[in-house]
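Take a look at the structure below.
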Amino acid sequence: MSENGGISVFGLGYVGTITAASLAQKGWQVVGVDVNPAKVGAVSRGFSPVVEPGLSDLVHQMVRAGRLRATTDHREAVAVSNISLVCVGTPSAPDGGLDLTHVRQVIRQIGKALRSKGPGHVVVVRSTMLPGCAEAEVLPLLERESAMRAGADVGFCVNPEFLREGSSLRDFEDPPFTLIGELDARSGERVAALYGGLQAPVIRTDLRTAEMLKYASNAWHALKISFANEIGNFCQRLGVDSHRLMEIFCRDTKLNISSAYLRPGFAFGGSCLPKDLRALLHRAQSEHLELPVLEAIPRSNELQARLGIEMVLRSGKRRVGVLGFSFKEDTDDLRESPMVLVIETLIGKGYDVMVYDADVALGRVTGANKRYIEQAIPHIASIMYDDPAVILDRAEVVVIGKRCPKFRQMVSELNGRRVVVDLVRLFDKPPGEGIEYKGICW
C-alpha cells in the first residue's frame with residue numbers, strides 16, 4: 001500500500017486521530033501533525049489525545065507497529081508524505097458563521113512546504129466547510145502559498161467525514177459510503193485508494209456537492225430529533241406511548257424511513273397532508289403546547305409556492321401556459337393543489353393564463369373535488385385547453401407543474417424563445433435552443 005507514499009494528517013483532534021489511526025491500521029504509513037505538543041506527545045507515547053472507545057488501544061498498536069507517529073513539524077510531515085489530510089476544526093464565529101481560521105493556517109503551512117517539493121502532492125480537506133469555501137478560499141490560498149496550479153501540479157479533494165462520537169471506529173470501517181469531491185480525476189483516484197479495503201461504495205462528485213452533503217446530513221439528523229421530540233410531546237399530552245408509536249412508525253420503510261418525498265421541488269398539497277397537519281396543530285394549540293418545527297411547515301410550504309410564482313413574475317412575460325395543475329401525477333384532485341394558488345395569483349395580477357391537464361376532465365369530476373372546483377376556482381373551464389399544443393404555441397412562459405413524458409417531448413420541440421419554469425425537474429438542463437430554463441430548486 002505504499003504506491004502513493006505516506007499520509008500526513010493535520011490536526012490530532014477527534015477526526016484527525018481517528019483518521020490517522022484507522023488509515024495506519026489499513027497499512028498506510030501515517031504521520032500526525034499538530035501545533036499542540038501535548039497531543040503530539042500523547043500519540044508518540046501510544047495514547048489517544050481524545051476519548052473514544054477503542055481508540056487508545058488502536059493508537060498504541062499502530063505506534064508499536066511503526067505505522068503511526070506524530071510531529072509538530074509540518075514541513076517534515078509534507079516531505080515524507082504524498083497525501084495530506086486536513087482534519088482541523090471549523091468552529092462557529094461569534095455571529096454564527098463559519099470560522100475557517102484553522103483551515104487557512106494549515107493550508108498555508110502545506111502550501112509553503114510544497115515549494116521545496118516537486119509536483120504530485122494531493123491535499124484533502126476533511127474539515128467541514130460550506131459549499132464554495134474550497135473554490136473561493138482554500139484553493140486560491142493553496143496556489144498562492146505553493147506557487148503551484150491546483151488540479152495540475154498539486155491535487156485537491158474534499159473528503160467529508162461522517163463519524164459519530166462513541167462509534168467512530170465502527171463508522172470508519174463500515175460507512176454508508178465514502179464521499180470524495182474532486183477537483184481533478186487523478187486526485188480522486190488516489191484518495192479513493194485510501195479506502196480500498198472498505199465494503200462501502202465510493203462516491204466521487206464535485207467539490208460543492210461534497211461540501212454540502214455534510215450540512216444536509218446534519219440538518220436532517222437535527223430535524224429528525226426535533227420531529228421525534230415534538231411528536232413525543234404531543235403524544236405525552238394526549239396519553240399516547242410515544243416510543244411504541246415511533247417503533248411502529250419506523251417500520252414503514254416505503255414512505256416514513258425511506259427516500260420518499262426527499263426530492264427538492266414544489267410545494268405539497270392534496271386532501272391529506274394540509275388537512276391533517278392543521279388538525280394536529282389546532283389540537284396542540286388547544287393544549288397550550290408549542291410545536292415550533294411542525295408549526296413552521298405550513299409557512300415553509302407557502303413560501304415554496306410563492307417562489308414558483310415569483311419565478312414567473314420575474315420573467316417579465318404576460319402569457320403563461322401551465323402544464324399540469326392537479327396536486328400530483330396520475331390524479332385529478334385539485335384540492336389544495338399549490339398549482340391552483342399559482343394560477344389564481346397570476347390571474348389576479350392580470351396575466352393571460354392557459355392551463356392543461358390530461359388527468360382533469362371537468363365533465364367527469366365528481367364529489368369533493370367537484371365542489372372544490374366550483375367554490376375555489378369556478379372559472380377554471382374558461383382557461384382550460386384540451387390541446388397542450390395550442391398553449392405552447394401561444395405561451396411566452398411555460399410552467400411545468402407535473403411530471404409527464406408528453407410534456408418533456410413537446411417542450412423539447414419548442415421553437416423560438418420561451419421561458420420554461422420547471423417545478424418538478426422534468427429537465428436537468430435547458431431542453432432546447434433559445435429556451436430560458438429555470439428550475440425551482442436547482
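Miscellaneous remarks
- Of the criteria (1) in a loop (DSSP other than H, G, I, E, B); (2) on the phi < 0 side of the Ramachandran plot; (3) free of Cβ contacts under 8 Å to residues at least 40 places away in the same chain, which one Gln61 fails: (1)
- Considering region 391-419, and only residues there that are open to solvent by 50 Å² or more (accessible area, probe 1.4 Å) and in contact (Cβ under 8 Å) with a residue 24 or more places away in the chain, the residue that is farthest from Ile343 (Cα to Cα) turns out to be Lys406.
- Of the residues examined, Leu262 is one that is out of contact with any Lys or Arg (no Cβ under 7 Å at 6 or more places or on another chain), open to solvent by 60 Å² or more (accessible area, probe 1.4 Å) and either closer than 30 Å to Glu182 by Cα or of a type in the set (Lys, Arg) (or both).
- Test: residue in region 185-192 that is closer than 30 Å to Gln25 by Cβ, at pLDDT 95 or above and in a loop (DSSP other than H, G, I, E, B): no
- Test: residue in region 13-34 that is of a type outside the set (D, E, K, R), closer than 23 Å to Glu145 by Cα and open to solvent by 60 Å² or more (accessible area, probe 1.4 Å): no
- Pick from region 64-80, criterion outside any loop (DSSP other than H, G, I, E, B) and open to solvent by less than 50 Å² (accessible area, probe 1.4 Å), ranking: nearest to Ile18 (Cα to Cα): Leu68
- The requirement of being open to solvent by less than 50 Å² (accessible area, probe 1.4 Å), free of Cβ contacts under 8 Å to residues at least 40 places away in the same chain, touching a helix residue (DSSP H, G or I) at 6+ places or on another chain (Cβ under 8 Å) and small (Gly, Ala, Ser) is fulfilled nowhere in region 197-204; no residue meets it.
- Residue list for region 219-246, restricted to those being under 17 Å from Glu290 (Cβ atoms), open to solvent by 50 Å² or more (accessible area, probe 1.4 Å) and not hydrophobic (A, V, I, L, M, F, W, C): Asn229, Asn233, Gln236, Arg237
- Counting only helices (runs of 4 or more DSSP H) that sit completely within region 89-176, those holding 1 or more residues that are touching a Phe, Trp or Tyr at 6+ places or on another chain (Cβ under 9 Å) and among the aliphatic types (A, V, I, L, M) correspond to 101-114, 139-146.
- Which numbered condition Gly46 misses (of (1) over 27 Å from Lys117 (Cβ atoms); (2) open to solvent by 10 Å² or more (accessible area, probe 1.4 Å)): (2)
- Leu130 in contact with a strand residue (DSSP E or B) (Cβ under 6 Å, 6 or more places away or on another chain), of a type in the set (A, V, I, L, M, F, W, C) and open to solvent by 30 Å² or more (accessible area, probe 1.4 Å): yes
- Qualifying residue in region 322-331 (condition: open to solvent by less than 10 Å² (accessible area, probe 1.4 Å), in contact with a Leu (Cβ under 6 Å, 6 or more places away or on another chain), at pLDDT below 90 and hydroxyl-bearing (Ser, Thr, Tyr)): yes
- Number of positions in region 193-252 that are among the acidic types (Asp, Glu) and assigned to a helix (DSSP H, G or I): 3
- Residues within region 265-274 that are surrounded by 15 or more Cβ atoms within 10 Å (Cβ to Cβ), of a type in the set (A, V, I, L, M, F, W, C) and either part of a loop (DSSP other than H, G, I, E, B) or in contact with a His (Cβ under 8 Å, 6 or more places away or on another chain) (or both), tallied: 3
The values are calculated or read from the model by the stated rules, or taken from the named source; none is laboratory data. Predicted model only: the values in this text are computed from it and were never measured. Positions of Cβ are generated from backbone atoms using ideal geometry, with glycine treated the same way; all protein chains shown enter the neighbour counts. The protein model used for the area step is the full one, side chains on, heavy atoms only, and it has no ligands, DNA or RNA in it. Shrake-Rupley method; radii C 1.70, N 1.55, O 1.52, S 1.80 Å.
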